[in-house]
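Just below is one structure, and these are the notes that go with it.
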Amino acid sequence: LRSSCRRWGGLVQPGGSLRLSCAVSGRRVSVNDMGWYRQAPGKERELVARIFGGGSTRYQDSVKGRFSISRDNARNTLYLQMNSLKPEDTAVYYCTLRGEYWGKGTQVTVSS
């Protein structure tokens, strides 16, 4: 899986926004469960958002109302739109397809 950030280095100020993308080859995002995980230094990896094959979504409580997971079936790409970012959102973010295939990881740093 390939991932990218809108901003080089994934640096954003508190309250800002950032969109992560994850392009998929070999599998269709439209029919697979996909998600975004993150891992902060010294912390356990946590699932922050997921989208099911049927289209339903679920979010970690700490990001509800701020993050949105979506997919572009035509581009076979998964997205994570992150709004109202907080310093505690700082982590390496990973996209996954069915928990079987993983993106390389994207560092997101929220700091003033």
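A short reminder: the numbers here are calculations on the coordinates, not readings from a lab. Because the structure is predicted, anything quoted here is derived from the model rather than measured. Here the Cβ is made from the backbone with ideal geometry for all residues, glycine too, and neighbour counts use every protein chain on show.
For segment 7-50, what class follows from the C-alpha gyration tensor (a ≥ b ≥ c being the square roots of its eigenvalues): rounded when a/c is under 1.5, otherwise prolate if a/b is larger than b/c, else oblate? List each step's numbers first, then the result.
Details: a/c = 2.38, a/b = 1.47, b/c = 1.62.
Since a/c reaches 1.5 but b/c is at least a/b, the shape of segment 7-50 is classed as oblate.
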Notebook entry, point to check: Using modelled backbone amide H atoms (1.01 Å from N, in-plane), which distant-in-sequence or interchain residues come within less than 5 Å of Asp33's amide H?
Noted result: Gly53, Arg98
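Arrange the peptides 42-51, 57-66 so that the one whose residues have, on average, the most other Cβ atoms within 10 Å appears first. It would help to have the intermediate numbers written out before the result.
Values: 42-51: 15.0, 57-66: 13.4.
Sorting 42-51, 57-66 by mean packing, highest first, produces 42-51, 57-66.
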Next item on the list: Obtain the nm distance between the two label points defined at Gln81 and Gln107 by a simple spin-label model: each point lies 7 Å from its Cα along the Cα-to-C-beta direction.
Entry: 2.8
Check: If the cut-off is a Cα-Cα distance under 18 Å, which aspartates and glutamates reach Lys43, setting aside same-chain residues fewer than 8 apart in sequence?
Finding: Asp61, Glu88, Asp89
